[in-house]
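K.L.:
Take a look at this one; I'll ask things after.
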Amino acid sequence: MKADVLLGLQWGDEGKGKVVDVLTPHYDVVARFQGGPNAGHTLEFEGQKYVLRSIPSGIFQGDKLNIIGGGVVLAPDLFMDEAKELEKSGHQLHSRLHISKKAHLIMPTHRLLDAAYEAAKGKNKVGTTGKGIGPTYSDKTSRNGLRVGDILCDFETKYAAHKARHEQMLRALNYTDYDLTEVEKKWMEGIEYLKQFPLVDTEHEINRLLKDGKRVLCEGAQGTMLDIDFGSYPFVTSSNTICAGACVGLGIGPNKIGEVFGIIKAYCTRVGAGPFPTELFDETGAQIRAIGHEYGAVTGRERRCGWIDLVALRYAIMVSGVTQLILMKSDVLDGFDTIKACTAYQLSDGTITRDFPYDITDGTITPVYTEMPGWQTDLTQFGSEAQFPKAFSEYIAFLEKELETPITIVSVGPDREQTIIRKRK
Ligand code: GDP
Ligand code: IMO
Ligand code: MG
């Protein structure tokens, strides 16, 4: 069997959690491969709403195995809160959630370092989620990290050495006004709590499952434009959010990847700082934010809103080899007279390009838009493609043509049921 991969193609919050939940019945295993509690994946069903941070979104559907892979960074205290909350709402996790021994641990001092680095950057700050993601991945690549597997042997000594090193760095940054007593106590409780879960070599497990014919869905976090190598650097997260990240984060060979699902919103959002060529600063942007409830699931921050950016999407599809697109939140545009899509960029020297350039710094790009009539219909009640108004079908056809990739699923509301699977032509 091959593993399918599901990725966000914009700046995150495309609706990955909802779609993973919808697709889970078709799979035996759902595996997260990168990121950490910077993610906020929202699922709605049976009148309930859940936000997942580190736990894969396959946790709610039947008896599926969920895996946190080695590419993930895990904060034991936040993980404990998240898992206990799910158990309180009646969802048993223990035998169904396996954790890679290779996943790196986010220490309380990583979160302090995150804050200290942001403070040091001043007006150039990234606007991180403050969860210690960057410093944890930096420790990993500089070969200083602490891994889940480390908790099984002489952990206190290892922890103390890492903490001492971090505190030295914090002093160098003049960031000394903190008290870790309570946080650390809870963090250590989280370490004990983690030990209740199967801590495994997930690369062996996943490859064995694939060999046994099991169907695996790999769940991405963040989005392509936040990828450490291909995103809008340096305003990115610290992991590989593209398809290759699934290979690295789970130990799956590239030849074992099957379908690559790319999730896109009918418009575009971004939370945190950094360039965003199609951002709207006017009433239309405010309307999209209000109707789409565009506020961060993790930090509650306002999400910046703009029109869909097909230049960035073509690039995202290219770098991940996306085979199918999933279109989310079109219902948010239900009331608009016209809809715009950016099909090309005009660069500061006047050149027009359809290829995503190296530099998209604010002010260097003027989006070239195509404007189309809106559908002015409430899509949220629709259950099949046959009901779509003509203008909406034309919008979908336009996107498929521009992006040279089929749209196979259309989401018309936050609930699990508000999902339309299209027939492949
Ligand atoms: P993720 O991080 O990619 O999983 O996305 P988030 O959960 O952060 O943000 C997506 C938001 O949109 C959540 O609040 C979802 O409940 C909501 N949502 C998902 N699909 C749709 C849709 O088709 N229409 C509307 N109106 N909301 C949706
Ligand atoms: P999901 O999985 C949207 C953004 C932050 C910041 C940058 C770096 O819900 O789509 P970090 O804390 O990772 O060092 O922050 O990345 N960011 C996200 N934006 N959705 C996310 O996750 C994000 N995870 C990180 O806002 O700009
Ligand atoms: Mg999110």
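The values are calculated or read from the model by the stated rules, or taken from the named source; none is laboratory data. Source: prediction; values computed, not measured. Virtual Cβ from ideal backbone geometry, glycine too; neighbours counted across all protein chains shown.
K.L.:
Any residue at all in the stretch 324-338 that is under 18 Å from the mean Cα position of the chain (by Cα) and away from ligand 1 (no atom under 14 Å from the Cβ)?
P.N.:
yes
K.L.:
So is Phe33 away from ligand 3 (no atom under 14 Å from the Cβ) and either under 24 Å from Cys305 (Cβ atoms) or surrounded by fewer than 24 Cβ atoms within 10 Å (Cβ to Cβ) (or both) or not? Reasoning before the result, please.
P.N.:
Values: away from ligand 3 (no atom under 14 Å from the Cβ): yes; either under 24 Å from Cys305 (Cβ atoms) or surrounded by fewer than 24 Cβ atoms within 10 Å (Cβ to Cβ) (or both): no.
Here the answer is no, as Phe33 does not meet what is asked.
K.L.:
Another question, if that's okay. Residues Lys140, Lys163, Lys131, Lys121: which one is in contact with a helix residue (DSSP H, G or I) (Cβ under 6 Å, 6 or more places away or on another chain) and either basic (Lys, Arg) or surrounded by fewer than 18 Cβ atoms within 10 Å (Cβ to Cβ) (or both)? Step through it out loud before you land on a result.
P.N.:
On the way: Lys140 fails: in contact with a helix residue (DSSP H, G or I) (Cβ under 6 Å, 6 or more places away or on another chain); Lys131 fails: in contact with a helix residue (DSSP H, G or I) (Cβ under 6 Å, 6 or more places away or on another chain); Lys121 fails: in contact with a helix residue (DSSP H, G or I) (Cβ under 6 Å, 6 or more places away or on another chain).
Criteria check complete, one pass: Lys163.
The rows are residues; the columns are (1) more than 14 Å from the chain's Cα centre (by Cα); (2) closer than 22 Å to Asp114 by Cα; (3) among the β-branched types (Val, Ile, Thr); (4) at pLDDT below 95.
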| residue | (1), (2), (3), (4) |
| --- | --- |
| Leu217 | yes, no, no, no |
| Val236 | no, yes, yes, no |
| Ala290 | yes, no, no, no |
| Gly296 | no, yes, no, yes |
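K.L.:
Please verify whether Ala246 is crowded, with 24+ Cβ neighbours inside 10 Å, more than 16 Å from ligand 3 (Cβ to nearest atom) and not in a loop (DSSP other than H, G, I, E, B), treating the condition exactly as stated. Steps first, answer last, please.
P.N.:
Numbers: crowded, with 24+ Cβ neighbours inside 10 Å: yes; more than 16 Å from ligand 3 (Cβ to nearest atom): yes; not in a loop (DSSP other than H, G, I, E, B): yes.
Here the answer is yes, as Ala246 does meet what is asked.
K.L.:
Further question: So which strands (runs of 3 or more DSSP E) stay within the stretch 296-355 end to end and still have 2 or more residues that are touching a Cys at 6+ places or on another chain (Cβ under 6 Å)? Write out each step before concluding.
P.N.:
On the way: elements: 304-309, 324-328, 338-347.
Correct list: 304-309.
K.L.:
So, one more: Would you pick out the residues in the stretch 219-243 that are away from ligand 2 (no atom under 12 Å from the Cβ), in contact (Cβ under 8 Å) with a residue 40 or more places away in the chain and either part of a loop (DSSP other than H, G, I, E, B) or under 18 Å from Thr141 (Cβ atoms) (or both)?
P.N.:
Narrowing the stretch 219-243 to residues away from ligand 2 (no atom under 12 Å from the Cβ): 229-230, 240, 242-243.
Keeping just the survivors that are in contact (Cβ under 8 Å) with a residue 40 or more places away in the chain gives 230, 240, 242-243.
The answer is Phe230, Asn240, Ile242.
K.L.:
Also, I was wondering about something else. Among the residues of the stretch 298-323, which ones are in contact (Cβ under 8 Å) with a residue 12 or more places away in the chain, surrounded by fewer than 20 Cβ atoms within 10 Å (Cβ to Cβ) and under 23 Å from Leu52 (Cβ atoms)?
P.N.:
Val298, Thr299, Arg301, Glu302
K.L.:
Considering only residues that are surrounded by fewer than 24 Cβ atoms within 10 Å (Cβ to Cβ) and within 22 Å of Ser54 (Cβ to Cβ), look in the stretch 253-274 and name the one that is farthest from ligand 3 (Cβ to nearest atom).
P.N.:
Restricting to residues being surrounded by fewer than 24 Cβ atoms within 10 Å (Cβ to Cβ) and within 22 Å of Ser54 (Cβ to Cβ), the top hit is Gly272.
K.L.:
Restricting to the stretch 367-387, name every residue that is touching a strand residue (DSSP E or B) at 6+ places or on another chain (Cβ under 8 Å) and free of Cβ contacts under 8 Å to residues at least 60 places away in the same chain.
P.N.:
Hits for the stretch 367-387 are Val368, Thr370, Glu371, Met372, Pro373, Gly374, Phe382, Gly383, Ser384, Glu385.
K.L.:
Does Leu78 count as away from ligand 3 (no atom under 16 Å from the Cβ), assigned to a helix (DSSP H, G or I) and of a type in the set (A, V, I, L, M, F, W, C)?
P.N.:
Values: away from ligand 3 (no atom under 16 Å from the Cβ): no; assigned to a helix (DSSP H, G or I): yes; of a type in the set (A, V, I, L, M, F, W, C): yes.
Here the answer is no, as Leu78 does not meet what is asked.
K.L.:
Turning to a different aspect of this structure: Which of the residues belonging to the stretch 125-160 are within 16 Å of ligand 3 (Cβ to nearest atom) and among the β-branched types (Val, Ile, Thr)?
P.N.:
Let us first name the residues in the stretch 125-160 that are within 16 Å of ligand 3 (Cβ to nearest atom), namely 127-131, 133.
Those that are within 16 Å of ligand 3 (Cβ to nearest atom) and among the β-branched types (Val, Ile, Thr): Thr128, Thr129, Ile133.
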